[in-house]
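Inspection log for the structure reproduced underneath, given as structure tokens.
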Amino acid sequence: MRVSQQLTKTLREAPRDSEGGNQELLVRGGFVRQLTSGVYSYLPLGNRVIRKISQIVREEMDRAGGQEISMPVIQPKDIWDKRPASGPTRSEAMGDVLFKLKDRKGRDMVLGPTHEEVVTILTAEFARSYRDLPQLIYQIQTKLRDEPRPRGGLLRVREFIMKDLYSFDADYDGMDVSYRKMADAYRAIFTRSGLRFIVIQADSGAIGGKDSQEFLAITEAGEDDAMMCDTCDYAANREKAEFVRTELPREPEAALEEVYTPDCKSISDLAAFLQVPEAKTIKSVCYVAGGKMVMALVRGDLEINEVKLSNMLYRAGINAADMHLATPEELTQAGIVAGYTSPLGKDERVFIVADTSLKLGNNFVAGANRVDYHVKNVNYPRDFRVDEWEDIASAYTGATCVRCGGTLRAIRGSEVGHIFKLGTKYSELFDATYLDAEGAAHPMLMGCYGIGVGRIMATLVEQSHDEKGIIWPFSVAPYSVALVGLDLEKEENRQTAEQLYADLQAAGIEVIYDDRAETAGVKFNDADLLGYPIRAVISKRSLKNGGVEIKLRSQRESRVVPLADAVGVMQDEIRRGMASA
RNA sequence: CGGGGUGUAGCGCAGUCGGCUAGCGCGCAGCGUUCGGGACGCUGAGGUCGGAGGUUCAAGUCCUCUCACCCCGACCA
């Protein structure tokens, strides 16, 4: 490609609404343009990057036995309205995130946010026997989700390119094998893409399913919090992370004692006022879920994790979909005094969930359920009842790892991949069964595995740039070599540059040739902004010095190589660059 | 959905108390001079001032409504 003929141009200034990071660099470089909120065009350079990433994904999926197909974006809504034995339909669960429209006959349609439904229907038609299993079916295709608020440039958008693979197996062992294959393939994909990532245990959520892992690209711009151990390889979503609670020294149980605690509405106020550690207090927070008043208790030094809490409630048969902090009215109605809430004296009308930390200590301070008063020496089970003991506290930086005793720390990232075992949820819903060797029908065991292709591009930019611009890994760079021609008005220089351009192309190297009548500074700055891994300069200076000046984007130094060696030298650099990704 | 902000040339911006032909920088076109880190001069093209309605002799500027986008929060297979 010649820069002089390229559609896009670089922007000297950041666009008004750019947020910095990947958004600013990708827009300034002309990789993408926003059309409307959360919806982008991929321009020639951006499209090449997407193609490179997609190709890596495709190769690894095929290597793992995947078969590529392409499913419709437009789908009839009724397949989203299938009602399972219990719980909401998919359409209800997704709510307004699902794009809905009507066709000319007035039939309700949706734009596919994912394809479990369609792929299950398809596979059920063909895979009728245990002999037809397993099947690994995938596509790389546009997904549409009407997110409440797109953000982070390309990190969270409403229309995005995703690879989604679905596995169909005869039994649980088979599903486990497929799952492991995908986990391995995912590691290979992100490694080849040059991404720094971690694999974490994820919350499978209320949807169910046993195993689930997220692949997080490490970046501060991400929206996901994870906890990882500094010693072993334990890493988990913050909503899921387990940790060891510290044990407090046991004291002889003392008698309850009400104390006057003016203006002590928070745990820290209270602990300071009574001169006790925060861990000696009980934090009580009230929620309403499924029409029931729920009181969550954790030790004062910990925080309540609402996701863990709601999962617990689901398990206890309470519909936590509408769980929210109890309003002042709801508290008053239940006879609870805000700021001085307490498990003391609560009967079965309040569902009490206690974090296991409360077993590791005694003589706690709790609210007196009376303004300006707390109660000392509160002990279980002497003084209050608990419906469920559970891990409902958030892990924190400095907490102790459950696996190895190491220390956990928080890390931020963006979810670029997510794999999980679905079991028979969709196969039962759509009657996707196969016949075993005895002729008996069974639902297939499914797994689903997603990769955000566009998000890989965005997180790569977040991870790999400097003050001048992007630094693409060799494996996904739109072009490997930027050939910069200077002093081109001299016929001899132009011919030399043209010849090298032709030679590079003939050698199969992806090269973009800057043949514009621009000054050196403009061309160098563009090459830096656009992040091509190798820059090759032909100028009167380089020729005087013996040939072509070659510089890696990731390095400061350049060197001059004879024209005759130039192609070979660049081939070597590309080989090395690809290998080190 | 709640709160805040912004819409003026392809991009970034200015536009005073309502006033006369709506400006500046970048980019774009032509000519000339430059030529290794975003050069310079001259000339030129490019505008429904987000949209609709209103007030006024006069609206980019004031009023009403509306749309879009951005940010914070809520929400989020």
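The values are calculated or read from the model by the stated rules, or taken from the named source; none is laboratory data. Since the model is a prediction, treat every value here as computed from it, not as a measurement. As a convention, Cβ positions derive from the backbone with ideal geometry for all residues, glycine included, and neighbour counts pool all protein chains shown.
So, in region A:412-445, how many residues would count as being part of a helix (DSSP H, G or I) and of a type in the set (G, A, S)?
1
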Just to be sure before I move on: is A:L543 at pLDDT 95 or above and either within 7 Å of RNA strand B (Cβ to nearest atom) or under 24 Å from A:E24 (Cβ atoms) (or both) in the structure I sent? no
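Out of everything in region A:223-261 that is part of a loop (DSSP other than H, G, I, E, B) and within 16 Å of RNA strand B (Cβ to nearest atom), what residue ends up being nearest to A:L155 (Cα to Cα)? Talk me through it step by step, then tell me what you get.
We begin by selecting, within region A:223-261, every residue part of a loop (DSSP other than H, G, I, E, B); these are A:223, A:230-234, A:238-243, A:245-256, A:261.
If we keep only those that are within 16 Å of RNA strand B (Cβ to nearest atom) too, we end up with A:223, A:238-240.
Numbers: A:E223: 9, A:R238: 20, A:E239: 21, A:K240: 23 Å.
Once the filter is applied, the top-ranked residue is A:E223.
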Inter-residue pairs, beta-carbon under 9 Å, first free of Cβ contacts under 8 Å to residues at least 12 places away in the same chain and in region A:387-415, second hydroxyl-bearing (S, T, Y), 6+ apart: A:G398/A:T407
Exactly one condition in (1) surrounded by fewer than 16 Cβ atoms within 10 Å (Cβ to Cβ); (2) in contact (Cβ under 8 Å) with a residue 12 or more places away in the chain; (3) under 24 Å from A:F364 (Cα atoms) is false for A:I282; which is it? (1)
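Working only within region A:519-535, note down all residues that are outside any helix (DSSP H, G or I), within 10 Å of RNA strand B (Cβ to nearest atom) and crowded, with 20+ Cβ neighbours inside 10 Å. Steps first, answer last, please.
Of region A:519-535, the ones outside any helix (DSSP H, G or I) are A:519, A:531-535.
Going one step further and asking which of them are within 10 Å of RNA strand B (Cβ to nearest atom), we end up with A:519, A:535.
Matches in region A:519-535: A:R535 only.
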Which pairs do you get when a residue that is more than 15 Å from A:Y40 (Cβ to Cβ), found in region A:8-25, comes within reach of a residue that is near RNA strand B (Cβ under 6 Å from one of its atoms) and not in a loop (DSSP other than H, G, I, E, B), reach meaning Cβ atoms under 7 angstrom, with the pair 6+ apart or on two chains? A:T10/A:D526; A:T10/A:L529
Counting just the residues of region A:28-46 that are farther than 25 Å from A:E467 by Cβ, within 12 Å of RNA strand B (Cβ to nearest atom) and small (G, A, S), which one comes out surrounded by the most Cβ atoms within 10 Å (Cβ to Cβ)? A:G38
Filter region A:94-122 down to residues that are out of contact with any helix residue (DSSP H, G or I) (no Cβ under 9 Å at 6 or more places or on another chain) and assigned to a helix (DSSP H, G or I) and give me whichever is surrounded by the most Cβ atoms within 10 Å (Cβ to Cβ). A:L122
Taking interchain pairs and intrachain pairs at least six residues apart, which have beta carbon atoms under 9 angstrom, with the first residue in region A:104-116 and in contact (Cβ under 8 Å) with a residue 12 or more places away in the chain and the second of a type in the set (G, A, S) and within 14 Å of RNA strand B (Cβ to nearest atom)? A:V110/A:S91; A:T114/A:G450
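Taking the stated definitions as given, is A:I137 within 16 Å of RNA strand B (Cβ to nearest atom) and hydrophobic (A, V, I, L, M, F, W, C)? Give the steps one after another, and end with the answer.
Working: within 16 Å of RNA strand B (Cβ to nearest atom): no; hydrophobic (A, V, I, L, M, F, W, C): yes.
Considered against the rule, which asks whether it is within 16 Å of RNA strand B (Cβ to nearest atom) and hydrophobic (A, V, I, L, M, F, W, C), A:I137 comes out as no.
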Residue hits (region A:351-382; surrounded by fewer than 18 Cβ atoms within 10 Å (Cβ to Cβ) and either within 38 Å of the chain's Cα centre (by Cα) or basic (K, R) (or both)) are A:T356, A:K359, A:L360, A:R370, A:R382
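In the list A:Q495, A:Q505, A:Q499, which residue meets the criterion of being away from RNA strand B (no atom under 12 Å from the Cβ) and touching a strand residue (DSSP E or B) at 6+ places or on another chain (Cβ under 7 Å)? I'd like the intermediate steps shown before the answer.
Details: A:Q495 fails: touching a strand residue (DSSP E or B) at 6+ places or on another chain (Cβ under 7 Å); A:Q499 fails: touching a strand residue (DSSP E or B) at 6+ places or on another chain (Cβ under 7 Å).
Of the residues listed, the single one that is away from RNA strand B (no atom under 12 Å from the Cβ) and touching a strand residue (DSSP E or B) at 6+ places or on another chain (Cβ under 7 Å) is A:Q505.
Report, by residue number, each residue of region A:455-470 that is out of contact with any Asp or Glu (no Cβ under 9 Å at 6 or more places or on another chain) and within 15 Å of RNA strand B (Cβ to nearest atom).
First pass over region A:455-470, keeping only residues out of contact with any Asp or Glu (no Cβ under 9 Å at 6 or more places or on another chain): A:456-461, A:463-465, A:467.
Across region A:455-470, the qualifying residues are A:I456, A:A458, A:H465, A:E467.
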Kindly indicate whether any position in region A:482-491 is at pLDDT below 95, outside any loop (DSSP other than H, G, I, E, B), within 16 Å of RNA strand B (Cβ to nearest atom) and not aliphatic (A, V, I, L, M). yes
Residues that are of a type in the set (K, R) and within 16 Å of RNA strand B (Cβ to nearest atom): does region A:420-436 have at least one? yes
Could you check, for region A:63-78, whether at least one of its residues is hydroxyl-bearing (S, T, Y) and under 18 Å from A:Y166 (Cβ atoms)? yes
Checking A:R516 against (1) touching a Gly at 6+ places or on another chain (Cβ under 9 Å); (2) assigned to a loop (DSSP other than H, G, I, E, B); (3) away from RNA strand B (no atom under 15 Å from the Cβ), only one condition comes out false. Which one? (3)
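Condition check ((1) within 11 Å of RNA strand B (Cβ to nearest atom); (2) over 27 Å from A:A321 (Cβ atoms)) across all residues:
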position: A:A93; (1), (2): yes, no
position: A:V97; (1), (2): yes, no
position: A:M109; (1), (2): no, no
position: A:L144; (1), (2): no, no
position: A:E147; (1), (2): yes, no
position: A:R156; (1), (2): yes, no
position: A:L165; (1), (2): no, yes
position: A:A170; (1), (2): no, yes
position: A:S178; (1), (2): no, yes
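Conditions (1) near RNA strand B (Cβ under 10 Å from one of its atoms); (2) surrounded by 15 or more Cβ atoms within 10 Å (Cβ to Cβ); (3) assigned by TED's automatic domain parsing to the domain that holds A:V118; (4) in a helix (DSSP H, G or I), marked per residue:
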site: A:D17; (1), (2), (3), (4): yes, no, yes, no
site: A:N22; (1), (2), (3), (4): no, yes, yes, yes
site: A:L26; (1), (2), (3), (4): no, yes, yes, yes
site: A:R48; (1), (2), (3), (4): no, yes, yes, yes
site: A:Q55; (1), (2), (3), (4): no, no, yes, yes
site: A:M61; (1), (2), (3), (4): no, yes, yes, yes
site: A:I79; (1), (2), (3), (4): no, yes, no, yes
site: A:R83; (1), (2), (3), (4): no, no, no, no
Top-ranked residue in region A:88-120 [being under 22 Å from A:I137 (Cβ atoms) and among the polar types (S, T, N, Q); ranked as modelled with the lowest pLDDT]: A:T114
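Only one of A:M295, A:M312 is under 23 Å from A:E247 (Cβ atoms) and crowded, with 18+ Cβ neighbours inside 10 Å; which? Outline the logic, then answer.
Numbers: A:M295 fails: under 23 Å from A:E247 (Cβ atoms).
Selected residue: A:M312, the only one of A:M295, A:M312 that is under 23 Å from A:E247 (Cβ atoms) and crowded, with 18+ Cβ neighbours inside 10 Å.
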Return the residues of region A:503-516 that are more than 22 Å from A:L45 (Cβ to Cβ) and either under 37 Å from the mean Cα position of the chain (by Cα) or without any contact (Cβ under 8 Å) to a residue 60 or more places away in the chain (or both); say none if nothing qualifies. A:A506
